[in-house]
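The values are calculated or read from the model by the stated rules, or taken from the named source; none is laboratory data. In this text, all values refer to a predicted model and were calculated from it rather than measured experimentally. Positions of Cβ are backbone-derived with ideal geometry, glycine not excepted, and every protein chain shown enters the neighbour counts.
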Amino acid sequence: MSKVKDFTDKIWYGTGAVGLDLSYGMFNGRLNKYLTNVLGLNTNFLLGLTAAARIWDGVNDPMMGTIVDSTNTKFGRYRPWVVIGSLLNSIVLFFLFFNPGFTTGMNGGKASIWLYVYIAVMYIMWGMTNTSADIPYWSMVPSFTTDPNERSILATIARAFSGIGQGIVSMGSPMLLNALGNVITNTDGTTSNVWTQGGYTTTAAICSVFLVFFSVLSMSKVKENVHVTPQEKFSFKKIFSVIKENDQLRVFMLFAMLSNAGFYTTTGVLDYFFEAVIGDTGAQSTFSLFGTVGSVLGMLVIPVMMKFTTRRRTYQFSLSLSLFGYIGMFLAGQFMGNLMMLNIFYVLTQIGTASMFISQTVFLADVVDYGEVKMGVRRESVTFSMKGFLQKMAYTAQTVILYLALGISGFNSLTPDADGKIIYPTRVKNAISAVMYVIPPIFFILSIIVFSRMFKLHGEYMEDITKKVEEARIKRLEAVNENGG
């Protein structure tokens with residue numbers, strides 16, 4: 001079984017995930033509030049934009065996977081795309097949080113039609129450029145090794161660095177936005193921070209620079225140790241045959257999208273939750289710190305549990321732990337009003353979620369092997385493009401739920417006062433609370449059911465598939481050597 005050369009190689013590979021998650025963290029965690037509370041865009045427009053972007057992603061993501069699968073350069077198949085995609089994504093990320101001078105919809109005004117057009121273009125371009133970096137990056141996992149244990153280690157390290165990127169954004173960006181924002185004095189004598197356009201632009205610029213830095217650093221150190229040439233040219237017309245023929249890919253997409261939607265629903269509503277419900281945006285960084293601690297501890301779940309149980313049961317445990325954490329968050333936040341207990345239960349949620357993401361990366365690598373055995377063709381990047389697509393679908397579910405909740409509760413009719421602060425009525429606070437810790441556990445329950453009943457890549461069945469894939473790989477390498485390749 002081919003392996004990544006040593007532990008250092010795995011570390012260098014993992015560093016690339018830091019930059020990717022800096023960009024995704026800004027998009028998923030900070031964009032919603034920026035669009036509504038700084039640009040004053042209508043949530044009905046944002047609902048339509050989200051739907052349109054996902055329709056395009058359904059074409060663009062697998063198309064990008066096809067392009068990567070057909071790439072063959074002296075620098076490898078994946079590395080050039082990771083660097084190019086990261087550079088393009090960093091540029092778009094900056095302009096997504098930059099207003100070139102269009103009239104906003106704040107302070108009783110009406111947003112310029114050109115602002116809507118500008119945001120729509122940048123929003124869709126962010127998805128396209130993120131795809132061009134994310135798909136080739138994660139597609140490298142199954143190309144490195146067929147050893148399940150090696151894949152678990154590699155995925156754990158990459159997800160650990162991914163968690164670092166998420167932690168930097170979730171903790172650091174609220175602190176930076178508070179520092180760069182406006183401080184106002186409330187009627188009761190307390191102070192509040194109002195996040196401003198300049199703060200968002202500066203934060204996005206910093207994330208953009210480090211996105212490129214970590215991507216270039218990672219890809220300059222990592223070598224594509226296992227390069228499997230496609231047995232046939234894979235045309236765009238055959239893209240959707242991967243989904244049609246690989247039943248386990250469809251199952252994976254369903255249970256992973258459900259659990260991811262639960263996770264993203266929480267991260268997407270945090271800005272609103274701490275401003276409207278908690279009334280203290282400063283507490284958000286502490287909450288995110290607890291979540292980062294949970295993410296780090298989550299890296300230990302698989303190595304520890306795999307010593308005495310299976311990956312299947314480990315994944316079920318991870319989802320169940322997240323579910324338990326959400327129940328605790330609901331009780332602590334809705335009935336106890338105890339912020340510290342809310343933080344503690346969030347640790348449990350993040351432990352389960354971090355372990356969940358690691359397992360999903362390994363499962364998708366197994367799906368690639370399964371597809372090769374079933375269809376006779378190995379399609380790594382096209383299969384891994386589904387990972388990016390399902391993440392965007394999960395983000396879409398989160399966005400739809402959030403904007404529907406805001407719209408129904410009357411958020412669009414709210415206007416900021418002279419200092420730029422919005423006063424949230426009880427109905428809006430309740431809607432935000434429901435999105436925070438009532439909706440997510442529903443997604444996790446559904447994900448556990450789908451995974452437990454329909455995903456069959458485990459045990460002796462998966463061991464047999466791995467054996468066949470390794471045998472096929474050895475034959476291809478022998479053929480290449482015989483031909484002088």
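If I filter region 437-468 down to residues being surrounded by fewer than 15 Cβ atoms within 10 Å (Cβ to Cβ) and among the small types (Gly, Ala, Ser), which single residue comes out as modelled with the lowest pLDDT?
Once the filter is applied, the top-ranked residue is Gly459.
Going through region 339-380 one residue at a time, which ones are buried (at least 23 other Cβ atoms within 10 Å of the Cβ), small (Gly, Ala, Ser) and farther than 16 Å from Tyr437 by Cβ?
Once the filter is applied, which keeps residues that are buried (at least 23 other Cβ atoms within 10 Å of the Cβ), small (Gly, Ala, Ser) and farther than 16 Å from Tyr437 by Cβ, region 339-380 yields Ala354, Ser355, Ser359, Ala365, Gly371.
More than 25 Å from Tyr137 (Cβ to Cβ) and in contact (Cβ under 8 Å) with a residue 24 or more places away in the chain - does that describe any residue in region 349-368? I'd like the intermediate steps shown before the answer.
Step one: filter region 349-368 for residues more than 25 Å from Tyr137 (Cβ to Cβ), giving 349.
If we keep only those that are in contact (Cβ under 8 Å) with a residue 24 or more places away in the chain as well, we get 349.
Yes: region 349-368 contains one or more residues that are more than 25 Å from Tyr137 (Cβ to Cβ) and in contact (Cβ under 8 Å) with a residue 24 or more places away in the chain.
Looking at Gln284, is it over 30 Å from Val428 (Cα atoms) and part of a helix (DSSP H, G or I)?
On the way: over 30 Å from Val428 (Cα atoms): no; part of a helix (DSSP H, G or I): yes.
The answer is no for Gln284.
Could you check, for region 332-346, whether at least one of its residues is within 30 Å of Asn42 (Cβ to Cβ) and either in contact with a Cys (Cβ under 8 Å, 6 or more places away or on another chain) or assigned to a helix (DSSP H, G or I) (or both)?
First pass over region 332-346, keeping only residues within 30 Å of Asn42 (Cβ to Cβ): 333-334.
Adding the requirement that they be either in contact with a Cys (Cβ under 8 Å, 6 or more places away or on another chain) or assigned to a helix (DSSP H, G or I) (or both) leaves 333-334.
Taking every residue of region 332-346 in turn, at least one turns out to be within 30 Å of Asn42 (Cβ to Cβ) and either in contact with a Cys (Cβ under 8 Å, 6 or more places away or on another chain) or assigned to a helix (DSSP H, G or I) (or both).
Can we say Asn37 is of a type outside the set (A, V, I, L, M, F, W, C), in a helix (DSSP H, G or I) and either surrounded by 18 or more Cβ atoms within 10 Å (Cβ to Cβ) or modelled with pLDDT under 75 (or both)? Break it down stepwise before answering.
Values: of a type outside the set (A, V, I, L, M, F, W, C): yes; in a helix (DSSP H, G or I): yes; either surrounded by 18 or more Cβ atoms within 10 Å (Cβ to Cβ) or modelled with pLDDT under 75 (or both): yes.
Yes; evaluated as a whole, the condition is true for this residue.
Looking at (1) surrounded by fewer than 21 Cβ atoms within 10 Å (Cβ to Cβ); (2) of a type in the set (A, V, I, L, M); (3) at pLDDT below 85, which one does Leu49 not meet, given that it meets all the others?
Condition not satisfied by Leu49: (3).
Take region 269-305 and flag every residue that is of a type in the set (Val, Ile, Thr) and either crowded, with 17+ Cβ neighbours inside 10 Å or farther than 15 Å from Met175 by Cα (or both).
Kept after step one, since they are of a type in the set (Val, Ile, Thr), are these residues of region 269-305: 269, 277-278, 281, 286, 292-293, 296, 301-302, 304.
Answer for region 269-305, where residues must be of a type in the set (Val, Ile, Thr) and either crowded, with 17+ Cβ neighbours inside 10 Å or farther than 15 Å from Met175 by Cα (or both): Val269, Val277, Ile278, Thr281, Thr292, Val293, Val296, Val301, Ile302, Val304.
Of all the residues that make up region 238-263, how many are modelled with pLDDT of 85 or more and either under 21 Å from Tyr395 (Cβ atoms) or in contact with a Phe, Trp or Tyr (Cβ under 6 Å, 6 or more places away or on another chain) (or both)?
First, the residues of region 238-263 that are modelled with pLDDT of 85 or more: 247-263.
Now restrict to residues that are either under 21 Å from Tyr395 (Cβ atoms) or in contact with a Phe, Trp or Tyr (Cβ under 6 Å, 6 or more places away or on another chain) (or both): 248-263.
Residues in region 238-263 being modelled with pLDDT of 85 or more and either under 21 Å from Tyr395 (Cβ atoms) or in contact with a Phe, Trp or Tyr (Cβ under 6 Å, 6 or more places away or on another chain) (or both): 16 in total.
Taking region 97-116 on its own, how many of its residues are polar (S, T, N, Q) and under 30 Å from the mean Cα position of the chain (by Cα)? It would help to see each step written out before you state the result.
Start the filter on region 97-116 by keeping residues that are polar (S, T, N, Q), which leaves 99, 103-104, 107, 112.
Adding the requirement that they be under 30 Å from the mean Cα position of the chain (by Cα) leaves 99, 104.
Qualifying residue count, region 97-116: 2.
Please enumerate the residues belonging to region 180-214 that are modelled with pLDDT under 90, of a type in the set (A, V, I, L, M, F, W, C) and surrounded by fewer than 15 Cβ atoms within 10 Å (Cβ to Cβ). I'd like the intermediate steps shown before the answer.
The first filter runs over region 180-214 and keeps only residues modelled with pLDDT under 90, leaving 180-196.
Next, only the ones that are of a type in the set (A, V, I, L, M, F, W, C) stay: 180, 183-184, 194-195.
Result: Val183, single match.
Output the residues belonging to region 285-324 that are at pLDDT 85 or above and among the aromatic types (Phe, Trp, Tyr).
Selection gives Phe287, Phe290, Tyr315, Phe317, Phe324.
What about Phe335, is it aromatic (Phe, Trp, Tyr) and touching a residue at least 24 places away in the same chain (Cβ under 8 Å)? If you could, list the steps in order and put the result at the bottom.
Working: aromatic (Phe, Trp, Tyr): yes; touching a residue at least 24 places away in the same chain (Cβ under 8 Å): no.
When the stated conditions are applied, Phe335 does not pass them.
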